[in-house]
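Here is the structure we will look at, set down as structure tokens.
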Amino acid sequence: MLDRLLEILKAGGTHRVSDLARALDTTPELVEMMLEALSRAGYVKPVATCAETCSACSLADSCIPTQPGKAWTVNP
Amino acid sequence: MSPSAPVRETTVAPLVQERPLLVALAGQPNVGKSTLFNLLTGLHQRVGNWPGKTVERKEGYFTFNNVSYRVVDLPGTYSLTANSPEELIAREFILRERPDVVVAVVDAATLERSLYLVAELLPLPVPVVVALNMMDVARQEGIRVEPEVLQAALGVPVVPMSATRGVGVQELLRTVERIARGDTPYAPRLPQIRLDHQEVLEVISEQVAGYVPEPYPRDWVALKLLEGDPEVTQMMSAALPPDRWEEVRAILSAHDDAQVAVASGRYEWIGRMVRAAVTRPRIGQIGLTERLDRWATHPLWGLVILGGILGAVFWLTYTVGAPIQSLLETYLVGTLAEGARNLLSGAPTWVSGLLADGIIGGVGAVLTFLPILVIFFIAMAFLEDVGYMARAAYVIDRFMHFIGLHGKSFLPLFLGFGCNVPAILGTRVIESHRARLLTILLAPIVPCTARMAIVVFLAPPFFGPTAPLVAWGLILVSMGALALTGIALNRLLFQGRQSAFIMELPLYHLPNWRTIGLSVWRQSWAFVQRAGTVILVVSVLIWALSSLPGGEIERSYLAQLGKSLESAGRLMGLDWRLTVALLSSFIAKENSIATLGVLFSTGEEGLANLLAATYSSATALAFLVVQILFIPCVATVAAIRQETHSWRWTAFSIGLLLAISLVAGMVTFQVAVLVGG
């Protein structure tokens, strides 16, 4: 299942966890676990969301707050 | 054992066996393992450290049904791969001490997460009993787990329980005893790995046969070798003769994807277990989120809805904010300016000019659109808080992929809607140098709040009821320019390479007005502070330049500067005043308004009305198009220089935006004149 997930991600594009779960016939929770495993193995990388990055930013006040949940990108 | 207190026994009952049954409690952190341990052992606990480690070791004794037990609480772990000292301790204990039973404590509410450890426990040569804990929590969350089905699927006993309430603990102990005595058949269904890797596994298992040190099982060692476990690899490289180890190593390096294949088998297995035993009815928040997202994240309808929501935000901003702005301008700025002039009638002309035209005209004009901004901030904070902004992000990101943009560019670009500076600083998340550069070049095209505010301010007097449509169209122009520039630069710099981006969208929920209030307050205060500092200084400077040398605007230094650029401005229908307003926006975007406020010395007519009387709609439209695409403000330029470490790229960015904005402005003006001015 992990290998199928990798195949999907290598093809590129934007995916929601719930879409990936549907494509793999499993639950979003399991997809999230697999993404964490892939992240430990260096295949994907969690993206720091604004909630984390903005705390250190002096311009945070002039910026529309965005919290797009958890996000990952695929390492090249 | 007293029947009322589930298992805790304060006096040790006589032993009926040679040695106590050794039970190890395994489980990930926070599944109630410690609660179960305390419940079982009560005061009969020993707490120390695992030999040579700083990890706490807890051990205790108790008796139940005349059987005495020694129970060891293994460190909380998610797996048994030697990733951490805790994982190593847990598996070494099981392999070396060979407990009579391992109780795998799992959380019924997050079964997927708990089962990975079980998938690693089952291949070990020790029977496992699954304690399906937190059944009450799962029920509360609407998750239905069927223990009998899970038991049949796993092939090992499963005992439902709620350790915090003491429910199911006696049944767990009876099951442990039966398994330890061999009274119950034990046939676990193990996770399988893909067929091609299974053959490799067998080959490795044959290669290491006869060399595996005690007490490690051969098949387990082969599996861990295939998985690339560092401890087992080190152990076997020492245990095998050098030539045999070389052979094994060659097989392993030819199958470097085996780690994924082994883990994949476990996830497949977990998926099967969960599919069989767990039902999650999609009700309440989750059901609502799924229903709404069917539309909000649809490839086409998602974009339409986003456009609609943006349009509605503009409409609301205009309908509610514009009349307040106009009132403030007429009564507050107009009255204040008049008052200042009257009050300072005896003072030198330049003093009353500075105060009435420079400071009140400039800063006042900017401050009057605070109500408009507040409404805009409220709308944005509301959309953010209910969870819609994440959907907007998702829809836009997919659109950006569609035009060939890098997925990681999305977050920084999205920040650009607030302010371009954090957008450019935010490109640090992108490792690829070229992708980062592309994003830095594109970020200033995203219309920031200040630029949108100018549009919000200037559109109504010129376009009346169609103003929201014009504002909405200007955003579309920006996004179109972003897309076209993105496609062009992407072709030039990247040859259109793609990458994936995965998002987990939060559930929709009711807005928290406190969060929204705080966000609106923070942003509004930042705006007021800017008006009191940068915009104040620029207003005074513009006033000075427009008054010197003789006091006549038409002959001032500013007019001379503006007129020297007028020939370029005329192609877009802009006179020297609009050209100067545009130039002053380089310091901060809001200065456009402040400059026009100073140059038109607002009285009771109001700046907006004066502008409408002076300029044609074609000029106004061209000015707005240039303004929304114009070169970034000085703070953004400084950020570009800082992040690219190159004056050349900084100059390129300025040149690029200058070219885009001027071309767009000219085309807009000429077309608008042709269509009917």
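The values are calculated or read from the model by the stated rules, or taken from the named source; none is laboratory data. What you see is a predicted model; the values in this text were computed from it and never measured. Ideal geometry is used to build each Cβ from the backbone, glycine not excepted, and the neighbour counts take in all protein chains shown.
Quick check: is even one residue across the range B:486-507 surrounded by 15 or more Cβ atoms within 10 Å (Cβ to Cβ) and modelled with pLDDT of 85 or more?
Checking the range B:486-507: not a single residue is surrounded by 15 or more Cβ atoms within 10 Å (Cβ to Cβ) and modelled with pLDDT of 85 or more.
Looking at the range B:332-350, can you tell me whether even one residue there is in contact (Cβ under 8 Å) with a residue 12 or more places away in the chain and outside any helix (DSSP H, G or I)?
yes
Would you pick out the residues in the range B:154-183 that are free of Cβ contacts under 8 Å to residues at least 12 places away in the same chain and in a strand (DSSP E or B)?
Once the filter is applied, which keeps residues that are free of Cβ contacts under 8 Å to residues at least 12 places away in the same chain and in a strand (DSSP E or B), the range B:154-183 yields nothing.
Just one of the numbered conditions (1) β-branched (Val, Ile, Thr); (2) at pLDDT 85 or above; (3) in contact with a strand residue (DSSP E or B) (Cβ under 6 Å, 6 or more places away or on another chain) is not true of A:ILE8; which one?
Failed condition: (3).
Going by the structure shown, is B:SER546 buried (at least 24 other Cβ atoms within 10 Å of the Cβ), assigned by TED's automatic domain parsing to the domain that holds B:SER653 and touching a Leu at 6+ places or on another chain (Cβ under 6 Å)?
Numbers: buried (at least 24 other Cβ atoms within 10 Å of the Cβ): yes; assigned by TED's automatic domain parsing to the domain that holds B:SER653: yes; touching a Leu at 6+ places or on another chain (Cβ under 6 Å): yes.
For B:SER546, the condition - buried (at least 24 other Cβ atoms within 10 Å of the Cβ), assigned by TED's automatic domain parsing to the domain that holds B:SER653 and touching a Leu at 6+ places or on another chain (Cβ under 6 Å) - is met.
Restricted to the range B:230-245, and to residues that are touching a Leu at 6+ places or on another chain (Cβ under 9 Å) and either without any contact (Cβ under 8 Å) to a residue 60 or more places away in the chain or over 14 Å from B:ILE204 (Cα atoms) (or both), which residue is surrounded by the fewest Cβ atoms within 10 Å (Cβ to Cβ)? Show your work before the answer.
Residues of the range B:230-245 that are touching a Leu at 6+ places or on another chain (Cβ under 9 Å), as a first pass: B:231-233, B:236.
Cutting the leftovers down to either without any contact (Cβ under 8 Å) to a residue 60 or more places away in the chain or over 14 Å from B:ILE204 (Cα atoms) (or both) gives us B:231, B:233, B:236.
Details: B:GLU231: 14, B:THR233: 19, B:MET236: 25.
Here the answer is B:GLU231.
Quick check on B:GLU290: is it away from chain A (no Cβ under 13 Å), surrounded by fewer than 16 Cβ atoms within 10 Å (Cβ to Cβ) and of a type in the set (Asp, Glu)? Before you say what the answer is, go through the steps one by one.
Working: away from chain A (no Cβ under 13 Å): no; surrounded by fewer than 16 Cβ atoms within 10 Å (Cβ to Cβ): yes; of a type in the set (Asp, Glu): yes.
Judged against the criteria, B:GLU290 is not a match.
Does B:TYR78 satisfy being crowded, with 22+ Cβ neighbours inside 10 Å and within 31 Å of the chain's Cα centre (by Cα)?
No; evaluated as a whole, the condition is false for this residue.
Within the range B:85-121, can you find the residues that are touching a residue at least 40 places away in the same chain (Cβ under 8 Å), closer than 15 Å to B:GLY271 by Cα and surrounded by fewer than 21 Cβ atoms within 10 Å (Cβ to Cβ)?
Within the range B:85-121, B:ARG113 is the sole residue that qualifies.
Within the range B:143-153, identify whether any single residue is free of Cβ contacts under 8 Å to residues at least 60 places away in the same chain and closer than 27 Å to B:THR41 by Cα, and answer yes or no.
yes
Looking at the range B:660-671, can you tell me whether even one residue there is at pLDDT 90 or above, out of contact with any strand residue (DSSP E or B) (no Cβ under 7 Å at 6 or more places or on another chain) and over 26 Å from B:ALA453 (Cα atoms)?
Taking every residue of the range B:660-671 in turn, none turns out to be at pLDDT 90 or above, out of contact with any strand residue (DSSP E or B) (no Cβ under 7 Å at 6 or more places or on another chain) and over 26 Å from B:ALA453 (Cα atoms).
Going residue by residue through the range B:371-388, is there one that turns out to be in contact with a His (Cβ under 7 Å, 6 or more places away or on another chain), at pLDDT 75 or above and in the same structural domain as B:LEU336 (by TED's automatic domain parsing)? Let's see the steps before the verdict.
The initial filter retains those residues of the range B:371-388 that are in contact with a His (Cβ under 7 Å, 6 or more places away or on another chain), namely B:386-387.
Subsequent filtering for residues that are at pLDDT 75 or above retains B:386-387.
Next cut, in the same structural domain as B:LEU336 (by TED's automatic domain parsing) only: B:386-387.
Yes: one or more hits.
Considering only the range A:33-56, how many residues are crowded, with 16+ Cβ neighbours inside 10 Å, more than 7 Å from chain B (Cβ to nearest Cβ), assigned to a helix (DSSP H, G or I) and at pLDDT 80 or above?
Qualifying residue count, the range A:33-56: 2.
What tally of residues in the range B:246-261 results from selecting those that are touching a residue at least 60 places away in the same chain (Cβ under 8 Å) and more than 9 Å from chain A (Cβ to nearest Cβ)? Before the answer, list the steps.
Residues of the range B:246-261 that are touching a residue at least 60 places away in the same chain (Cβ under 8 Å), as a first pass: B:258, B:261.
When the remaining residues are screened for being more than 9 Å from chain A (Cβ to nearest Cβ), the result is B:258.
Residues flagged as touching a residue at least 60 places away in the same chain (Cβ under 8 Å) and more than 9 Å from chain A (Cβ to nearest Cβ) within the range B:246-261 amount to 1.
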